[in-house]
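There's a structure below that I have some questions on.
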Amino acid sequence: MTISVALVDDEAMIRVGLRLVLSSESDIEVVGEASDGVEALDLVARTRPDVVLIDVRMPKMDGLEASRRLVRDHPESKVVVLTTFDEDAHVAAALHAGVSGFLLKVAPPEHLVEAVRTVAAGGGLLDPAVTLRVIAAFAGQPDPSRATSRAAELDALTGRETDVLKLLAQGLTNTQIAARLFLGEATVKTHLSRVLMKLNLTTRVQAVVFAYESGLVRPGEQDRHR
């Protein structure tokens, strides 16, 4: 099955580089490009790609606003935000929008390809170098009322589901969670699906945010599991 991808970046050279890397893979097809958020909305509406790679800083409509609209109007298209290390404040805002992950613009080609395949398969791109650092940054300034509400929602989860959510938020992969809890990977995936359903979430990234907001995981806690 071919994975369709849309590229959104105001720098033509970045788009060329992304296209060259992705087009070299037999199972990935770049179906279109856009240079700003407005064009991105039109492109996705026309092509309905499996994955959208989108920059943060763009003219007319930035990547964050475009991501919010894409997640809302085209949930079948998984959004991955392209970022740099100096954009924590901007990227943190996208977590609540339900994007499927983040990718460094300087990531090696093999990471780009792996990210596209992972997100297309329904996974979340939780790169410890980006996502968990960003989450820890904004989780360090919690909203007490939101934390209380989130903590109460945790009561809907079973003990095992809570364990899985906590390990996910600490940056562990499905394989690592399975090993830690002595479970099969299929069982871990089932638990994660139930966590998302019970908490009314759509992505693994949102689940990680929830874990931090509820106080289930504290900033810096994931470092002990590296």
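What follows is calculated from the coordinates using simple rules that are stated; it is not laboratory data. All of these numbers come straight from a predicted model, not from anything done at the bench.
Under a 5 Å amide H to amide H cut-off, with H placed in plane at 1.01 Å, what residues pair with Val30 once short-range neighbours are removed?
The list, which skips near neighbours in sequence, is Val5.
Ok, one more. Using θ = phi - 60° and the Karplus relation 6.51 cos²θ - 1.76 cosθ + 1.60, list the HN-Hα couplings for the stretch 42-54 in order, rounded to whole Hz, with x at every Gly or Pro.
Per-residue couplings from phi come out as 5, 4, 5, 4, 7, 9, 6, x, 6, 9, 10, 9, 10 Hz.
At 0.36 nm per residue, minus the direct Cα-Cα distance, what do Val38 and Met13 gain on full extension? Give it in nm, one decimal, please.
Taking 0.36 nm per residue and subtracting the Cα distance, the gain is 7.0 nm.
Quick one: 3J(HN,Hα) in Hz for the stretch 191-206, Karplus 6.51/-1.76/1.60 with θ = phi - 60°, rounded, Gly and Pro as x.
So the J values, rounded to whole Hz, are 4, 5, 4, 5, 4, 4, 5, 5, 9, 6, 10, 10, 9, 5, 4, 4.
List every residue whose amide H lies under 5 Å from the amide H of Gly101, counting only residues 5 or more places away in sequence or on a different chain, with H placed 1.01 Å from N in the peptide plane.
Close amide H contacts, sequence-distant or interchain: Val81, Leu125.
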